[in-house]
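First comes the structure, then the notes that go with it.
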Amino acid sequence: MKDTQRPPHIDYIPAEPRHPDSWGPHPRKKMLMTPLVVALGGLLAYFTVVAMVVVLPTTTFDPPPSPNNLALTEIQEYGRRLYLSNGCIYCHSGFVRPQDVAAGQYYLYPRIAEPGDYVASDQSPNMFGSERTGPDLSESGGFHPDDWHIAHYKNPRSVTPISLMPSFEFLSTDQAASLIAFTQSRQGKLGAIRTQHQLNMKQLILAEQNLSQTLQADYKIGYPGSDNLANLMMMERGYWFESNPLPVTQENLLRGREIFQQRCIGCHGTRGDGEGVALNFLNPPPAAFSEPDDAAHGSDTSPGTYYWRILRGVPGTAMENFGTRLSVEDIWRVVLFLKTIPNGGLTKTPTPDMYVAWVGYPQLFTWANCFYPESLATTNPEVTYSDNSPPGVGDVAAMVEQGSVNPEYAVILYMVENGKIPCGADDPNTSALDIVNAAAQRPTEGYARMGVSQLQFIPAELIPADQYGQGWLEKVWTKPMPTQDPPPN
Ligand code: HEC
Ligand code: HEC
C-alpha cells in the first residue's frame, strides 16, 4: 500500500475545546440534578398525580344515588364477596360504555349505567374489572332466569358449548344461590324488575302447562294450543307468519348447523330432540325440533316465530336471547337449518331436500284475525285484521311499559283462570281487547303487571310443587350433570 493513499494526518483539533479562564467552573463540576433533587421532584410529581386522581375525586365526587339504585340484600352481598374471591372479576367487567348501548337494544329496558347506580356503601369499592374475556355483567340482572344460571355455574359448556368459563360446581348450594342472587341484582331496580319478569313468565308458563291435554293440543284441535298461544303472545305479531328471507341452499344449511352445534346442542341436544346435557337442570325443558308434523303445521313454528325467539329469547325459560351474539343472517340460517332436523339434518349432511316447509293450517289464520291489528296487515290473504284488536297486544312496546298491564300475562292468566283458549273453539267471541280491558279493571293492583309476582293469581291446583327457588336449586345443584351427550348415529 502506498503512503499517498493514507488520509492526511490531522493533529490540530483539541480533544476538548478550551474555555477562557474567566469562565466559572465547568457545569459538570456543579451538578444541579443531584440524586436528592431527582428524588424530591419525582415524589412531587407522584403526589400531585395521586392528589388529582385519588384524593380529589374521593373527597369531592359524591353523586347522589340514581333512582335506579337498589341496596344489596344480605344474600346478594355474600354473592358479591364470592364473585370477588372466585376471580369472576378477572374475566368480567361491570360497567357499560356508550359504545355498548347498541347491544342493549335486545334487552328489556336498555340504558347506560350511571355513577349513582354504584354509590351504595355495599357496592363500594366498585369491582369494575377491565377484562372482557366474558360479557360485561353490569346489566345481567334478569338477562337469564335462575335455572339457566344453575346449569351454567355447574358447567358453562352445558348451556354454551363454546364457553371457556370454568365450572363452579365446587360451590355449596347456598353459595351457588348467593352468586345467582348477586348476578340477578345487577343494574339495580331495572335488573330486579327483569328478574321478576323472568319469574312471572316461568310461573305462568308452568301453570299453563298444567292445563288439560286438550287445551295444550295444537293444530289437531283446530286452534293454537295454550303453550303455543303463550309463545305467540310474546312476540311482535308482524313475525307470526313471516317467511325466511334466505334461500334454502346447502351453504346456508351448513352454516346453520355449525351455529346449532356451537350454541344450541347443550340444551336442544345433539339430535335436536330437546335432550341435551342441561335438560334435567332446566324447567321448562328445551323444545324438540324432531317432529316433521309440528314443524310444518305448528302455530308457533313458522320461520318468523322461530326467528323472533332466537333473537330475543323466551322469558321465563332458559331459551337465550341471541340478538347480542348472532348476526341477523346467521339467525335466519339457523332457522333454515332447524327445519331439516326432522329429516336427519343433524345426523347426515343437511341438504335442501331435507327442508320441511311451514304451511300453517286454515284455522290458525282464522284465529289470528282475532289478534291482528291494522298496522300489521299482512300479505297472507287469510289474515285480515280485527277492529277489536288493540295496538300493543303481544307487542314488545306494550310489554316494557312499566306499571301498565302486560297483555302477555293477561292472556296467559285468562287461559289459566278460565280453562279456555281466547278466540278458540269454546270461546270464539273473546277478543284480545276484552281480555286486556278486563285485566286492567281487576281490582288487585298487581294483576298482570310487570314486576309484581303473578303467583298469587294462579289457581293453587295449577301451581307445580317445588319448582321454583331454593327447593328447585337444591334438587338440581347436587345432581351430577352428564358430561357428554351420546354422539348422533
Ligand atoms: C376465565 C374467564 C371467566 C371466569 C373466571 C368467569 N367467567 Fe363468566 N363467562 C366467561 C365467558 C367467556 C362467558 C361467555 C360464555 C358463556 O356464556 O359461558 C361467561 C359468561 C358468564 C355469564 C353469562 C353472561 C351473559 O350475558 O350471558 C355470567 C352471569 C357469568 N359468566 C358469571 C360469572 C361468575 C359469577 C363468575 C365467577 C364465579 C365467572 N363468570 C367467572 C368467562 C369467565
Ligand atoms: C340454555 C338452554 C338453551 C339454549 C342454549 C338454547 N335454547 Fe332454544 N330453547 C330452550 C328452551 C328451554 C326452550 C323452550 C321454551 C318454551 O318452553 O317455550 C327453547 C325453545 C326454542 C325455540 C322455540 C321452539 C318451539 O317450538 O317452541 C327455538 C326456535 C329455539 N329454542 C332455538 C334455539 C337455537 C337456534 C339455539 C342456539 C342458537 C337455542 N335455541 C339455544 C333452551 C335453550
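Looking across region 143-152 at every residue that is in a helix (DSSP H, G or I) and farther than 16 Å from THR483 by Cβ, the one that is most open to solvent (accessible area, probe 1.4 Å) is identified as ASP146. Considering region 153-174, and only residues there that are more than 9 Å from ligand 1 (Cβ to nearest atom) and in contact (Cβ under 8 Å) with a residue 12 or more places away in the chain, the residue that is most open to solvent (accessible area, probe 1.4 Å) turns out to be GLU169.
Would you tally the residues in region 310-329 being away from ligand 1 (no atom under 16 Å from the Cβ) and open to solvent by 30 Å² or more (accessible area, probe 1.4 Å)?
3
Set side by side, the residues GLN203, GLN184 differ, and just one is in the same structural domain as PRO115 (by TED's automatic domain parsing) and in a helix (DSSP H, G or I), which is GLN184. Elements of the type helices (runs of 4 or more DSSP H) sitting completely within region 251-333 and holding at least 3 residues that are out of contact with any Pro (no Cβ under 8 Å at 6 or more places or on another chain) and touching a residue at least 60 places away in the same chain (Cβ under 8 Å): these cover 292-297, 303-312. Scanning region 137-152 for residues that are more than 8 Å from ligand 1 (Cβ to nearest atom) and not small (Gly, Ala, Ser) yields GLU139, PRO145, ASP146, ASP147, TRP148, ILE150. Screening GLY272 against (1) open to solvent by 20 Å² or more (accessible area, probe 1.4 Å); (2) at positive phi leaves a single unmet condition, (1).
The single condition among (1) of a type outside the set (Phe, Trp, Tyr); (2) modelled with pLDDT of 85 or more; (3) away from ligand 2 (no atom under 16 Å from the Cβ); (4) over 15 Å from GLY188 (Cβ atoms) that HIS144 does not meet is (3). Counting only residues that are over 18 Å from LEU413 (Cα atoms) and either within 14 Å of ligand 2 (Cβ to nearest atom) or of a type in the set (Val, Ile, Thr) (or both), region 210-237 holds 3 of them. Among what's in region 179-209 and is within 16 Å of ligand 2 (Cβ to nearest atom) and of a type in the set (Val, Ile, Thr), pick the residue that is surrounded by the most Cβ atoms within 10 Å (Cβ to Cβ). Step by step, filter region 179-209, then rank; the result is THR183. If only residues of region 164-178 that are under 11 Å from TRP477 (Cβ atoms) and not in a loop (DSSP other than H, G, I, E, B) are counted, the one that is farthest from ligand 2 (Cβ to nearest atom) is ASP174. For VAL334, the stated conditions hold: it is within 9 Å of ligand 2 (Cβ to nearest atom), crowded, with 22+ Cβ neighbours inside 10 Å and more than 15 Å from GLU242 (Cα to Cα).
Condition check ((1) at negative phi; (2) assigned by TED's automatic domain parsing to the domain that holds LEU171; (3) at pLDDT below 70) across all residues:
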site	(1), (2), (3)
GLY104	yes, yes, yes
TYR109	no, yes, yes
ALA113	yes, yes, yes
ASP117	yes, yes, no
GLN123	yes, yes, yes
ASN126	yes, yes, yes
GLY129	yes, yes, no
ASP136	yes, yes, no
ASN155	yes, yes, no
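The residues of region 313-331 that are more than 9 Å from the chain's Cα centre (by Cα) and of a type in the set (Gly, Ala, Ser), listed by number, are GLY316, ALA318, SER327.
The values are calculated or read from the model by the stated rules, or taken from the named source; none is laboratory data. Since the structure is predicted, the reported quantities are computational estimates derived from the model, not experimental observations. FYI the Cβ positions are ideal-geometry reconstructions off the backbone, even for glycines, and counts take in every protein chain you see. The accessibility values were calculated without ligands, DNA or RNA, using every heavy atom of the protein model including side chains. Shrake-Rupley method; radii C 1.70, N 1.55, O 1.52, S 1.80 Å.
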